[in-house]
Structures are given as structure tokens and as C-alpha cells.
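I have placed the structure first, in the form of C-alpha cells, so that the comments after it can refer back to it.
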Amino acid sequence: MQIDLSALATFVETLDCNAEFEDDAFAFTFDDVRVYCERKRRHFNLHIGAEVLQMPR
């Protein structure tokens with residue numbers, strides 16, 4: 001599964017200001033890939049398949 005990490009990073013910047021994603025844990029679809037997100041104090045944990053990426057808040 002290929003995902004454009006640069007585009008994902010840009011999208012993640014919007015998670016803190018979008019009411020759709022106000023929970024501390026939620027899922028979303030990005031580039032036809034389902035992503036489970038956990039909001040942490042300083043970063044997001046993005047679960048993509050078996051991989052977990054951390055992106056800063």
C-alpha cells in the first residue's frame with residue numbers, strides 16, 4: 001500500500017481544527033486507505049495497516 005506521506009502530513013495539520021475529528025481516537029480514509037488515528041498531547045499516532053506513523057501536532 002502506497003500513501004503520499006507529504007500529502008498525509010498536510011492533511012494531518014487540519015485534524016485539530018475540524019469538528020469531524022474532535023475525538024481522541026477516530027478513523028478516516030485518505031487516498032483510499034483507511035487510517036486509524038490516536039490524538040496524543042504532542043503528536044498523532046497514525047495506524048496504517050500494521051505500521052504506526054507519528055506526526056507532530
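Key figures
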item	result
Taking the chain and dividing mean pair separation by its residue count, relative contact order in percent (alpha carbons under 8 Å, at least six apart)	24
Read-out semi-axes √(5λ) of the Cα gyration tensor in Å, derived from the coordinates shown; its label in [x] 16, 12, 11; [y] 28, 9, 7; [z] 22, 12, 8	[x]
Percent accessible area from carbon and sulfur atoms, the chain, protein chains only, probe 1.4 Å	46
Rounded accessible area per residue of the chain, 1.4 Å, Å²	70
Cβ-placed point charges (K, R +1; D, E -1), dipole of the chain about Cα centre in debye, nearest 20	300
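The values are calculated or read from the model by the stated rules, or taken from the named source; none is laboratory data. As the structure is a computational prediction, the values presented were derived from the model and not from experiment. Quick reminder, even Gly has a Cβ in these numbers, built from the backbone with ideal geometry, and neighbours come from all protein chains shown. We work out accessible area using only protein heavy atoms, side chains counted, and drop any ligands, DNA or RNA first. Shrake-Rupley method; radii C 1.70, N 1.55, O 1.52, S 1.80 Å.
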